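Note sheet for the following structure.
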Amino acid sequence: MENHTSRTPHKTYVLTIDVEIDAGPKWKTSNPATYEGVYRGIPLLQRLCESYGVKPVYLISPAVLVDPRSVDLLKSLDRETCELGAHLHGEYIGPMATFPGPDFSGCDPQEMQCEYDKDIEFGKLQNLTRKFTDLFGYAPTSFRAGRFGARGWTVECLEQLGYTHDTSVTPFRNWNNIADFSTATTLSPYHPSKENICAQGDSQVVEVPVSITPELEWLRPTVRKFSDFTQCQKVIDWYETHVTPTVLCSMFHNVELTPNTSPYCKTEEDCQELLNRVEQTFQLLNERGYVFKTLSQVTIDG
Ligand SMILES: [Zn+2]
């Protein structure tokens, strides 16, 4: 018998964390290379997430995969409570790596993968995927481009490499005309076109856009640059009013969780402020009945 009761669509929240090597004020990497944002930052965040049932998605840069202690820490996390995925900063991995590594002290990452020749972009994604698979014992299924530098071809590459989810689209933002998402008007998860990542199309990949309003406010608790709790709440309210199904995608970086390892948090107080914003957001979402998912658990229905 058919079920005719109308279902209230659930609201979904995904927390995505770009996992980077420690960096300085303008994202130049630490020298000597350090990984405090992994060693101290991730356990802090993971504990907070677990107390609210939030399942963070750690999208890992190739500059972190060279550090065995970082890999061990990430490997030790319970896969029921989080997800590990991939995050490409193409200068750190071949073919044609600008910084061949494995020591990435004092590097200045500037590249966006949408500027590479197509075969180079595919090669870098393939190497990143292989490296992840070798280290963790399974293939990643979720991805974000470094500096959000993804394009339609990126989607094609991800699909060929077995990814099911991408979260590189930052609606309404135009990154120096290199990655331009100003025409991205689909704010819920969608299947993107392999010609234009902003448009709906026939890819099997699910695109989960980062939650940004037309006024360019982000669901991003970054201290000194992005949204305090009141602004985060405004973004949440805007999405609930304008976007169905409501799938909120928040982002920040692991290196914001420790002082002086990113352009943002300078002091322990800054880091505490970031965690306060995150916790207040979790509390609000709990009160509003959100379902907490990893990226891989998101469907185009929420
Ligand atoms: Zn990044």
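The table below lists the values:
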read-out	value
Criterion: more than 16 Å from the ligand (Cβ to nearest atom), modelled with pLDDT under 95 and farther than 30 Å from Asp22 by Cβ - qualifying residue of Asp237, Asp301	Asp301
Helices (runs of 4 or more DSSP H) enclosed by segment 22-77 - at least 3 residues per element that are crowded, with 23+ Cβ neighbours inside 10 Å and touching a residue at least 24 places away in the same chain (Cβ under 8 Å)	62-65
Output for segment 134-189, where each listed residue is of a type in the set (Asp, Glu), away from the ligand (no atom under 16 Å from the Cβ) and part of a strand (DSSP E or B)	Asp180
Index of the failed condition, Leu248 passing every other in (1) surrounded by 21 or more Cβ atoms within 10 Å (Cβ to Cβ); (2) of a type in the set (A, V, I, L, M, F, W, C); (3) assigned to a loop (DSSP other than H, G, I, E, B)	(3)
Restricting segment 124-159 to residues that are β-branched (Val, Ile, Thr) and either free of Cβ contacts under 8 Å to residues at least 12 places away in the same chain or closer than 18 Å to Asn196 by Cβ (or both), the residue that is surrounded by the fewest Cβ atoms within 10 Å (Cβ to Cβ)	Thr133
Segment 107-123, residues that are among the acidic types (Asp, Glu), within 26 Å of Asp22 (Cβ to Cβ) and surrounded by 15 or more Cβ atoms within 10 Å (Cβ to Cβ)	Glu111
So Thr241, is it over 30 Å from Val64 (Cβ atoms), of a type in the set (S, T, N, Q) and buried (at least 21 other Cβ atoms within 10 Å of the Cβ)	no
Of residues in segment 26-36 being of a type outside the set (Val, Ile, Thr) and within 20 Å of the chain's Cα centre (by Cα), the one farthest from the ligand (Cβ to nearest atom)	Glu36
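The values are calculated or read from the model by the stated rules, or taken from the named source; none is laboratory data. The structure displayed is predicted, hence computed values, not measured ones. Note that we place each Cβ from the backbone using ideal geometry, even for glycine, and neighbour counts take in every protein chain shown.
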